[in-house]
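Trainee: This is the structure I have questions about; it appears just below.
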Amino acid sequence: MIASNVVLGDDVVIHHRDLVNLYGCTIGAGTRIGAFVEIQKNAEIGRNCKISSHSFICEGVSLEDGVFIGHGVMFTNDLYPQAVNSDGNLQTEEDWSVIPTRVRRRASIGSNATILPGVTIGREALVGAGAVVTQDVPDFAIVAGVPAKIVGTTGSTVSPRVVSGGAL
């Protein structure tokens, strides 16, 4: 389902329009979205992104231009999720605050990675498949594991001190 409040840029490709759940979000021009993707309200997707099947992009997530999201990537926006308040009543939107997450230009996130709220994934960084990102990822870093640790670089602009373990 694509809700009427979704803003779609020019030439957005949604491969199976009946097999997505998009509402209240903005999708930039040229972006491609696979089947079984959910993008929630107030999420912002840049231009020319690729979002693979079975991924979840929740409220508070911002993807800059040219970001790649692999299959089954999960974003979160609450560090301490709960179904009910202390009185046992179901929580509502007023009972918690969205923690924003940002993925910078041309970053790539591998299949089945989980991104915790409040992090920034740097420009042209690479998150390995299955990684759990709990802290910021520097520009051009390659991270992998649970929790994600820097294992290399995608370019020469990350200092050796950061690669040796100083950032994550």
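The values are calculated or read from the model by the stated rules, or taken from the named source; none is laboratory data. Fair warning: this is a prediction, and the values are worked out from it, not measured in the lab. A quick note on method: Cβ atoms are made from the backbone with ideal geometry, for glycine too, and the neighbour counts reach across all protein chains shown.
Trainee: I need the full set of residues from segment 91-109 which are closer than 12 Å to residue 69 by Cβ and surrounded by fewer than 21 Cβ atoms within 10 Å (Cβ to Cβ), in order please.
Mentor: Matches in segment 91-109: 108 only.
Trainee: Continuing with the same structure: Is segment 74-83 home to any residue that is more than 18 Å from the chain's Cα centre (by Cα), modelled with pLDDT under 95 and of a type in the set (A, V, I, L, M)?
Mentor: Yes: segment 74-83 contains one or more residues that are more than 18 Å from the chain's Cα centre (by Cα), modelled with pLDDT under 95 and of a type in the set (A, V, I, L, M).
Trainee: List the pairs whose first member sits in segment 35-64 and is over 16 Å from residue 12 (Cβ atoms), whose second member is at pLDDT 95 or above and hydroxyl-bearing (Ser, Thr, Tyr), and whose Cβ atoms are under 6 Å apart, counting only residues at least 6 apart or on separate chains?
Mentor: Final answer for the pair search is 36/53; 41/23; 61/101.
Trainee: For residues that are β-branched (Val, Ile, Thr), closer than 22 Å to residue 93 by Cα and assigned to a strand (DSSP E or B), tally how many sit in segment 3-59.
Mentor: 3
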